[in-house]
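Please treat every number below as a calculation from the coordinates, not as lab data. On a predicted model such as this, the values are computed, not experimentally measured, just so you know. Virtual Cβ from ideal backbone geometry, glycine too; neighbours counted across all protein chains shown.
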């Protein structure tokens, strides 16, 4: 806004500044209010989501690791899945090095709505 204001004021003479001054002031006030509103809403929703995660129970799943992947031609993305027994988690990258196929792991996670956040994991064998 500062750069925009400096460029606008540099290109104006005293006569146009008097007519556009109130319009520019109203535009800047609207921009400041809009930015503060978006910032306040983002803080509000972040605290609300964090409060839900604080009370979410910690769940666990364990089993033999197996891998799978799926390609979506609509989105142009490949999703990678790791199965801990019967429980499936999706990852954006391959997890073969972290969770080798055929080994046994226990994973601790919490579920809030559709989000499953992995807290920790341990290798059993």
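Here are some notes:
- Segment 58-123: C-alpha gyration tensor shape, a/c 1.5 cut-off, then a/b vs b/c: oblate
- You can think of it this way: the chain between residue 50 and residue 122 has 23.4 nm of extra reach, that is 0.36 nm per residue less the Cα-Cα gap.
- Cβ crowding within 10 Å, taken as a proxy for footprinting-reagent exposure, orders 81, 39 from fewest neighbours to most as 39, 81.
- Each of 119, 24 has some number of other Cβ atoms within 10 Å of its Cβ, and from fewest to most they run 119, 24.
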